[in-house]
Each structure stands twice: as C-alpha cells, then as structure tokens.
1. Hey, could you check segment 189-216 for residues that are among the aromatic types (Phe, Trp, Tyr) and under 22 Å from the mean Cα position of the chain (by Cα) and say which is farthest from Ile171 (Cα to Cα)?
2. Going by the structure shown, is Asp107 of a type outside the set (A, V, I, L, M, F, W, C), at pLDDT below 95, within 20 Å of the chain's Cα centre (by Cα) and closer than 23 Å to Thr158 by Cα?
3. Can you tell me which of (1) closer than 22 Å to Ala111 by Cα; (2) over 20 Å from the mean Cα position of the chain (by Cα) is the one Lys186 doesn't meet?
4. Sort out for me the strands (runs of 3 or more DSSP E) sitting completely within segment 84-179 that have 3 or more residues that are among the hydroxyl-bearing types (Ser, Thr, Tyr).
5. So, in segment 25-45, of the ones that are modelled with pLDDT of 95 or more and not in a strand (DSSP E or B), which residue ends up farthest from Arg84 (Cα to Cα)?
6. Restricting segment 268-279 to residues that are assigned to a loop (DSSP other than H, G, I, E, B) and closer than 20 Å to Leu185 by Cα, which is modelled with the highest pLDDT?
7. Show the residue pairs that are 6+ apart or on different chains and have beta-carbon atoms under 6 Å apart, the first residue being within segment 71-83 and part of a loop (DSSP other than H, G, I, E, B), the second being hydroxyl-bearing (Ser, Thr, Tyr) and modelled with pLDDT under 90.
Amino acid sequence: MKRPIFDLVILALVVSVFLGCGDSATNHQISEATVDLSLGQTVDLGFDNLELGFYRILDDSRCPMNAYCLWPGMGEITVYLLKRPMHDPAYVRVAIVGTAVALGEKDDVPAYVDQYRIRLIGLAPYPTGFDPIDSSEYVARIKVTKIDGSIPPPKIQTTFMEPTEIMLDPIDIDSVSLSGSDLLLKLSHGGCCKKHYYWLYMSPPGFTKSNPPQADIYLRHFANNDSCECLTSIYQSFDLKPIIDLYDSTIGDMDSVRLNLYDYYEDSPLVPPHAIILHKD
C-alpha cells in the first residue's frame with residue numbers, strides 16, 4: 001500500500017521563483033525556488049542557469065508516527081546543484097530532523113554551494129512503522145536560495161528538553177570563543193567516515209534571577225552511526241542572537257548574560273560548564 005505524500009503535490013514538480021529587489025543588506029535573499037523531486041528527478045530552477053537533482057537517499061532514521069523516541073532521527077539525502085554551462089555538478093548532503101508535526105526553519109540541516117543555500121524542508125512519505133520505505137516512493141521538497149553576503153552560522157535553538165535528551169553522541173568541547181553574537185567552538189569526536197551534525201540548544205528557554213542573569217546551553221552531536229576508529233577535530237560557529245532577543249523580550253534591564261555551556265555527559269555533569277559572557281551590544 002502506498003504511503004501518503006505531500007497534500008499539495010503528488011509526484012508532481014512545483015517551482016516557485018521569487019526575484020528580490022535591490023536591497024544591499026547582508027544575507028538578503030535575491031532569488032529562490034522550491035521544488036518537489038522524486039528520486040532521480042532533475043529540474044531547471046528558473047534562475048542563474050541552475051539545475052537541481054535528487055541523487056540518492058542516504059538514510060531515513062526518522063521516528064515513526066505515534067512512536068516514542070528519545071531521538072527523532074533524520075532523513076538524509078544527496079542532491080546535486082549544477083550551474084550551466086559547467087559540466088561538474090556539486091554533490092551535497094542535506095537532512096531533515098524527524099517529527100510527526102509541521103516542519104519549521106529549525107528542523108533541517110542546510111548545505112551551501114558557493115552562494116546558494118540548499119534546504120531539505122520536507123521528505124515524504126513520513127515513516128509510519130519501522131519497515132524501510134521503498135526508494136521509489138520518496139519525494140523531497142527542496143528549497144534553493146541565493147544569498148547575497150556571507151553564509152550565516154546556524155542559530156541557537158530553545159527547547160524544554162532535558163539535557164540528557166539533547167546530548168545525543170559523545171563530543172569534546174576543546175575551546176570556546178565569542179565574537180559579537182557568534183560563538184566559535186573547537187570540537188573533537190570519534191569517527192570520520194560519515195557526515196556529523198551539530199546543534200546548540202538553550203534549555204530551559206529562560207533566565208535565572210541573578211546578576212548577571214544566567215542560562216544553560218547544550219551541544220547536540222549526531223554521529224550518524226559512524227563506526228570508524230579515527231578522531232575528527234573541527235570548528236563550528238553558532239549565532240547566539242536568539243538568546244539576546246529572548247532576553248530583551250523577557251527581562252532586558254541588564255547589559256550582559258552568562259551562558260553555561262556544558263560538556264557532554266550521560267547522567268550528570270562531570271566538569272564545570274564553560275562560562276560565556278554574552279553582551280547585548
């Protein structure tokens with residue numbers, strides 16, 4: 001029996017193109033297209049001579065509907081972006097976090113090719129059980145946006161999840177630095193054969209009544225079942241501005257906030273958190 005797919009489009013191609021006006025602000029979106037592609041399908045995006053293709057299903061570990069999972073899982077695919085008349089497409093991985101409800105901006109992991117951001121904003125059908133879905137049934141909703149300016153770091157997210165639910169796979173925070181509202185972390189972890197994913201969460205989404213106010217933040221690392229016996233060291237940035245905005249809308253009468261960034265733990269913290277002083281200006 002066929003599983004349900006998107007209500008609006010059933011194995012059909014939809015392309016929406018939006019042309020931006022002459023705004024010179026950083027990260028102003030000047031062209032974009034949203035398309036639905038089945039596996040193996042390609043499409044002309046309608047701007048900048050771009051062609052997009054749905055190349056491969058890499059993994060679908062999304063938690064099935066009506067099931068309880070500590071980790072919602074991910075759907076991960078490979079797409080390619082080709083700018084004609086070039087003959088060498090760029091292959092990238094994009095992913096979406098599993099959820100049985102409507103997906104938002106924070107639930108996907110984009111990829112970047114030059115000044116183009118590629119997002120997987122939907123992947124149908126959604127799993128209803130633990131049996132694998134046949135690859136011919138998948139339809140990916142993909143959004144490609146041309147970015148005028150520098151590529152932004154991912155934003156910190158807020159949640160009510162417990163820390164042990166957030167911290168998925170082991171990871172070491174080797175160093176912490178702050179530039180404005182951008183947090184730069186040097187990270188290390190085992191495994192180097194698959195793509196690893198990283199998120200930063202504030203939990204709970206509130207501040208202590210102290211001077212300065214404090215909040216706890218946690219790093220989520222998804223190792224993607226990488227079993228290779230090797231060590232990876234990377235730098236990863238996160239935008240902390242959502243914390244400033246939350247503070248301004250709730251308290252807003254002090255110039256700085258202390259953030260407590262915890263290292264990975266299973267039951268309780270083993271070492272004191274990294275202290276980060278975030279200034280509003």
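The values are calculated or read from the model by the stated rules, or taken from the named source; none is laboratory data. In this text, all values refer to a predicted model and were calculated from it rather than measured experimentally. Here the Cβ positions follow ideal geometry from the backbone for every residue, glycine too, while neighbour counts run over all protein chains shown.
1. Tyr201
2. Working: of a type outside the set (A, V, I, L, M, F, W, C): yes; at pLDDT below 95: yes; within 20 Å of the chain's Cα centre (by Cα): yes; closer than 23 Å to Thr158 by Cα: yes.
Yes.
3. Condition not satisfied by Lys186: (2).
4. In segment 84-179, 172-179 are the strands (runs of 3 or more DSSP E) which contain 3 or more residues that are among the hydroxyl-bearing types (Ser, Thr, Tyr).
5. That would be Leu39.
6. Filtering segment 268-279 for residues assigned to a loop (DSSP other than H, G, I, E, B) gives 268-273.
Narrowing the set further to residues that are closer than 20 Å to Leu185 by Cα leaves 269-273.
Values: Pro269: 91, Leu270: 88, Val271: 92, Pro272: 94, Pro273: 97.
Checking each candidate, the answer is Pro273.
7. The qualifying pairs are Pro72/Thr99; Gly73/Ser61.
One line per residue, one yes/no per condition, for (1) without any contact (Cβ under 8 Å) to a residue 60 or more places away in the chain; (2) surrounded by 11 or more Cβ atoms within 10 Å (Cβ to Cβ); (3) aliphatic (A, V, I, L, M); (4) in contact with a helix residue (DSSP H, G or I) (Cβ under 8 Å, 6 or more places away or on another chain):
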residue	(1), (2), (3), (4)
Thr232	yes, yes, no, no
Ile243	no, yes, yes, no
Glu266	no, no, no, yes
Pro272	yes, no, no, no
Ala275	yes, yes, yes, no
